[in-house]
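> Can you keep this structure in mind? I'll have questions shortly.
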């Protein structure tokens, strides 16, 4: 009981420390709002771009990162059944809430799970060359506290779940035959579609 109380107090204190930075440095708020709300669009575009480089190693990486995210997301939802808390702006007073968010269970942070599942997977596959992705994931986690919608424990739990899922998938999935089979089957039909597209464009050019 005492340990639980101590963790709760530390969680709230850390939240206040980060969230209050938005009051001390309001000129940074727009940056953290953008990171918290819209960086997911950059991640989605980057995933699509990497996939359509048509490099097989890149496609294995994206496939593994996507599986890691699904696994981490499911684990996160299950963990939310055993522990739950509303967002800080619901439970605490004088929170610097910077974005709109409906009242619900904020444990763990879905945004953190999403970014760390992909960004840490990128780092595992590319190592030193993808450290910026990990830094971006950290920024996203911090931003969710900064804008007032998550506690540090929500974010840290999301990080732990994501790192565990990404590492497990990285160690197991790339070496499975089914992984290469899925990529090969996809590329087979992708090549057929590209060939059909080229023929269609060729026929239109002849007609003109």
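The values are calculated or read from the model by the stated rules, or taken from the named source; none is laboratory data. Just so you know, these numbers come straight off a predicted model, no measurement behind them. Virtual Cβ from ideal backbone geometry, glycine too; neighbours counted across all protein chains shown.
> Could you tell me whether residue 137 is within 13 Å of the chain's Cα centre (by Cα), farther than 14 Å from residue 111 by Cβ and crowded, with 19+ Cβ neighbours inside 10 Å? Spell out the reasoning first.
Values: within 13 Å of the chain's Cα centre (by Cα): yes; farther than 14 Å from residue 111 by Cβ: no; crowded, with 19+ Cβ neighbours inside 10 Å: yes.
Taking the combined requirement at face value, the residue does not satisfy it.
> Could I ask something else about it? Take the range 8-27 and flag every residue that is within 18 Å of residue 155 (Cβ to Cβ) and either in contact (Cβ under 8 Å) with a residue 12 or more places away in the chain or surrounded by 12 or more Cβ atoms within 10 Å (Cβ to Cβ) (or both). Outline the logic, then answer.
Going through the range 8-27, the residues within 18 Å of residue 155 (Cβ to Cβ) turn out to be 8-22.
If the condition is that a residue be within 18 Å of residue 155 (Cβ to Cβ) and either in contact (Cβ under 8 Å) with a residue 12 or more places away in the chain or surrounded by 12 or more Cβ atoms within 10 Å (Cβ to Cβ) (or both), then 8, 10, 11, 12, 14, 15, 16, 18, 19, 20, 21, 22 are the ones that fit.
> Considering each residue of the range 27-84, count those that are touching a strand residue (DSSP E or B) at 6+ places or on another chain (Cβ under 6 Å) and either modelled with pLDDT of 95 or more or in a helix (DSSP H, G or I) (or both), and give that number. Spell out how you get there, then give the answer.
As a first pass, look at the range 27-84 and keep what is touching a strand residue (DSSP E or B) at 6+ places or on another chain (Cβ under 6 Å): 80, 84.
After this cut, where a residue has to be either modelled with pLDDT of 95 or more or in a helix (DSSP H, G or I) (or both) as well, the list is 80.
Final tally of qualifying residues: 1.
> Could you please give the count of residues in the range 129-155 that are in contact with a helix residue (DSSP H, G or I) (Cβ under 8 Å, 6 or more places away or on another chain) and part of a helix (DSSP H, G or I)?
Going through the range 129-155 one residue at a time, the tally reaches 18.
> Scan the range 81-91 and give yes if some residue there is free of Cβ contacts under 8 Å to residues at least 60 places away in the same chain, under 19 Å from residue 158 (Cα atoms) and within 11 Å of the chain's Cα centre (by Cα), otherwise no.
no
> Residue 99 versus (1) part of a loop (DSSP other than H, G, I, E, B); (2) more than 17 Å from residue 141 (Cβ to Cβ): which is the lone unmet condition?
Result: residue 99 passes all but (2).
> Within the range 123-133, work out how many residues are under 16 Å from the mean Cα position of the chain (by Cα) and buried (at least 17 other Cβ atoms within 10 Å of the Cβ).
4
> On to the next question. Examine the range 105-118 for a residue that is part of a loop (DSSP other than H, G, I, E, B), buried (at least 20 other Cβ atoms within 10 Å of the Cβ), touching a residue at least 24 places away in the same chain (Cβ under 8 Å) and within 11 Å of the chain's Cα centre (by Cα), and state whether such a residue exists.
Yes, the range 105-118 has at least one match.
> Next up: Quick one: residue 157 ticks every box in (1) modelled with pLDDT of 90 or more; (2) farther than 24 Å from residue 29 by Cβ; (3) surrounded by fewer than 12 Cβ atoms within 10 Å (Cβ to Cβ) bar one, so which box is it?
(3) is the only condition that residue 157 fails.
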